[in-house]
Each structure stands twice: as C-alpha cells, then as structure tokens.
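Undergrad: First, the structure itself, so that you have it in front of you.
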C-alpha cells in the first residue's frame, strides 16, 4: 500500500519499514525513528524551555508576593498596578502553552526510553535518572497546575508547597539536562547546523509541518483560555475555568460570603476599628461621609483569572493618618470571617501608603455585594486576590 | 559554562527537595514520589503508545501532514480542557467553571477540523493534486 501510494501521490520520501523490532527486545515493536530525532527535539525543546522558564520566574515572584517570607523587607512594590495581573496571567498562560509542547517533546524522544543496553555506565545511569526526574516533575507540575486552576484536587498532598517544591526540581533538572545535552543542542540549533544537515534531508518538510502544527496547537490553547485574564480575548474564552463576565456584580469570586460565614446578621452594627496611636471606630455611614476616591484596579487571582473594575471608597492612607500611624508602619488587616487562611492579612507600608489603595465600599457604582466583601473590603494595586481582604473589621498599625 | 549550568541545576533540585521536606509546610514525600512515578507510568505506558499508534496510522493516509496537524491541535486542546470537562463534585460558587464546556469543546473541535479541511483543500488546490 505504501509503494502504491508513493506511485500515485508522487511522494519523494524514502521507503521505510513500518515496524522495527528493538535490538535485544525483538518482540517489542516501535515505530522507526521518523522525526524522533535531535533536530525535532531541539526545535520543540527550546519553545518548551522558554515556556517553562517564564512559568518558573512568574510563579516564583507571585509565590513570594502571596506568601512573603520573613526575610523579605516591608517593601514589596505596589506598582505597576497591573503587575500581579500580568505575572499570574503569564504564569498560567505559559503553563497552558507548555502542555502541547511537553507532550510533543516527549513524543519526539520517546524511542530513547528503550535504548539498549538500558544502562551503559554510571554516568549514563545518572543522566537517565535526571531525565526521569525532569519528565516526572514536568508532567506532574503541569497536571497539578491545570487542575488547580479548575479547583480540582484529587491528590493526597497539599498543592501549594508541592507545586512550589517541584517547580525548583523541574527547573534544576531542566538546567542539568540542557548542560548535559549542550553539544547536541548546538549541533541541531539551526536548519543548517552540522547535526541537522546529517539527518535525512527529506524529513525537513515533514518536520516543518509538525512544528507548524505544534505552533497552531499552542496558539489554539492560548486563545481559547487566555481570555480569562486578557480582555481582548474574552470572547474566545471557551475552555478556561473562569470567564470575566461571570460572577456577582459582573466580577468572578472565589470565597463567597456563605463560605466565609458572613451575612446580614454578622454585619449588624458593624463598625470599622482602626487601632494605632489614636485609635477610633467608624460606622458604615460615617465612612461614607469621608472623602471618597474612585480607582480602576484589577482583581487578579493566583488561579490566573483577573478582571478590572471601578472601586469607590476611602484611601487607606487617610484612615491611617487619622489614627496617627507612622508612614513606614506595617498594617494588619482582619476580616469578619471566623476562619480561613487569609482572615488576617499584613500589608507593607508601600501598599498602605499608595493613593490607589482603598477601603472600598462600592464596586462599579453599586454598593459592594456580600460576596465581594460588604460592608468594606481592601483593594490595592499589584497584589494577589487573596490579599484583597473582604469583610474588613479592623486595621491595626504594627 | 556547561559545568556551571549543570551544578546550578543540581543545586536548584536540592532547593526543591529541601523545600518539600523542610520548607514552610513540610510534606510527606512518599505520596509525591508515588504521583511522580504515576505520571510517568500513565504517560509512557498509555498516552505515548496511543499517540504513536495514531501517528503510525496517520502516515498511511493521504494528506497525512494536514491530518496529523489537525489531530495534534485537537489533542492539545483536549488535554488543556480535560480538567474543566471532567472535574467532579460541586463547584465552590457559580463563577467557577461557569461555561458549557462540553459544547465549547465540541465547537473548538469542529472549528479545528474545518480549518484542517480548509488548509488541506488550499494545498491541494494550489498544487493541483493532493499533498502527502
């Protein structure tokens, strides 16, 4: 059938046996090595490497913004206002783009799983071990990341510390892999590199078609998901776990008032307490009497979705000045909710003193709904959504 | 340079293992190791052989490059859509997974096939004969 096809279609490709037994494993058929070559692996590998590098750096920065370690000073920058939105959007988009790239890369190198003999030397054993670590961490990182964005947790460990730790292992094993393979990568870097030229020339058209299709796959997964954080693509947001138009008051939420145990009864007689050198408390009506600011700021979640909105409320720095807070003070913000990992939030002075940071009372011109933090919530530029504390009960100058 | 990169890689791997065992929230490593091994077994034992089998079948078709490209885009989209399509259990609220993902998946599959057919037809038309 192959031969007949060639005659009819005028195909110039070399004849090729359909199946080939492996040396030493004659009963295990594997496809002949078409496109399972170093040039294909290099061409896919550098896209994948770039995607994983973006994913690692953006993820690392976002992680330290959400969980500031003790050694990080009270000085994370509050600008640019869209910084966290961009970083976390890129983190999720690059991880999503890496899915087809990783699967294609593994397809290209799959026959190497069956090299014979399996272990030639100590060095070879170590190299294979490092590749096993690379493959395992890459698969599990992308899998856990993708499922986390859909709030699906089938594994028996806690997501954040494991995703964080494996990111380091993945990046380290990737760096080691690139170092080990550097001569091969160099030899196949370009179409006219010596290694590439030594490969069958008739594979080049096929390889370009494969790489083109892979580029199309990356484009397709990006345009059908990136709209959850990138407004121009929101109409094509078909497969992302969030859609910017869906949610109370037109804005997605994560923790609802019901989940947080906050309702009309809880907020009855609510007063905002501000504790500092000159402590005071204000009712909602008294807060409404204070000078109100309008700001346009995004809510950006670690899961990758984000949406900009117009917030109206009182500047945090005005509230702190009234309490006599020193300009460099850390601020502790406590929510009405009874429990929850982010019930208490600590705000560096860089955010607290930013004129965009508000104790918001209104969202897009309407009173805040309970799900968005009624009676009052924090909205600050360049911060993860979980630190935009809802149902604020108390500000403390530390 | 190579040696520096290799050593840096080993150090970063060490940071990861240290972070897992002694970091801010220390984890029992064995479930993680089991899931890492499971990911490799599922991929190398099921996903990759299936892909190779499909790829092998596709090389026997006319216009195999276009067919392969179309299947690759469909597979990439399906892999990325897997969690939104199959996540079990109730959602935390109505703004989580708010779309009709089954319908959307069918739409993107159909569009991909149409684009594939269009590309294949364009090539055939340009060359005056089917291209393999």
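The values are calculated or read from the model by the stated rules, or taken from the named source; none is laboratory data. Keep in mind the model is a prediction, meaning the values are calculated, not measured. Please note: Cβ atoms are built from the backbone with ideal geometry, for glycine as well, and neighbour counts cover all protein chains shown.
Undergrad: Could you tell me whether segment A:377-390 includes any residue that is at positive phi and crowded, with 18+ Cβ neighbours inside 10 Å?
TA: Yes, there is a match, as at least one residue in segment A:377-390 is at positive phi and crowded, with 18+ Cβ neighbours inside 10 Å.
Undergrad: Also, I was wondering about something else. Do we find a residue being at pLDDT 95 or above, in contact with a strand residue (DSSP E or B) (Cβ under 7 Å, 6 or more places away or on another chain) and within 14 Å of chain B (Cβ to nearest Cβ) anywhere in segment A:263-275?
TA: No: segment A:263-275 contains no residue that is at pLDDT 95 or above, in contact with a strand residue (DSSP E or B) (Cβ under 7 Å, 6 or more places away or on another chain) and within 14 Å of chain B (Cβ to nearest Cβ).
Undergrad: Here is a list of conditions, (1) surrounded by 21 or more Cβ atoms within 10 Å (Cβ to Cβ); (2) facing chain B (nearest Cβ under 10 Å); (3) outside any helix (DSSP H, G or I), and residue A:245 meets all of them except one; can you say which number that is?
TA: (1)
Undergrad: Another one. Among the residues of segment A:246-275, write down those that are touching a helix residue (DSSP H, G or I) at 6+ places or on another chain (Cβ under 9 Å) and farther than 22 Å from residue A:387 by Cα.
TA: Within segment A:246-275, just A:264 meets the criteria.
Undergrad: Any residue at all in segment A:90-113 that is in contact with a strand residue (DSSP E or B) (Cβ under 7 Å, 6 or more places away or on another chain), surrounded by 19 or more Cβ atoms within 10 Å (Cβ to Cβ) and within 22 Å of residue A:384 (Cβ to Cβ)? First the steps, then the outcome.
TA: Residues of segment A:90-113 in contact with a strand residue (DSSP E or B) (Cβ under 7 Å, 6 or more places away or on another chain): A:111.
Filter once more, keeping what is surrounded by 19 or more Cβ atoms within 10 Å (Cβ to Cβ): none.
No, segment A:90-113 contains no residue that is in contact with a strand residue (DSSP E or B) (Cβ under 7 Å, 6 or more places away or on another chain), surrounded by 19 or more Cβ atoms within 10 Å (Cβ to Cβ) and within 22 Å of residue A:384 (Cβ to Cβ).
Undergrad: So, in segment A:208-242, how many residues would count as being touching a residue at least 24 places away in the same chain (Cβ under 8 Å), surrounded by 20 or more Cβ atoms within 10 Å (Cβ to Cβ) and over 27 Å from residue A:83 (Cα atoms)?
TA: Adding up the residues that qualify gives 3.
Undergrad: How many residues does segment B:77-126 hold that are assigned to a loop (DSSP other than H, G, I, E, B), under 18 Å from the mean Cα position of the chain (by Cα) and loosely packed, with under 13 Cβ neighbours inside 10 Å?
TA: 0
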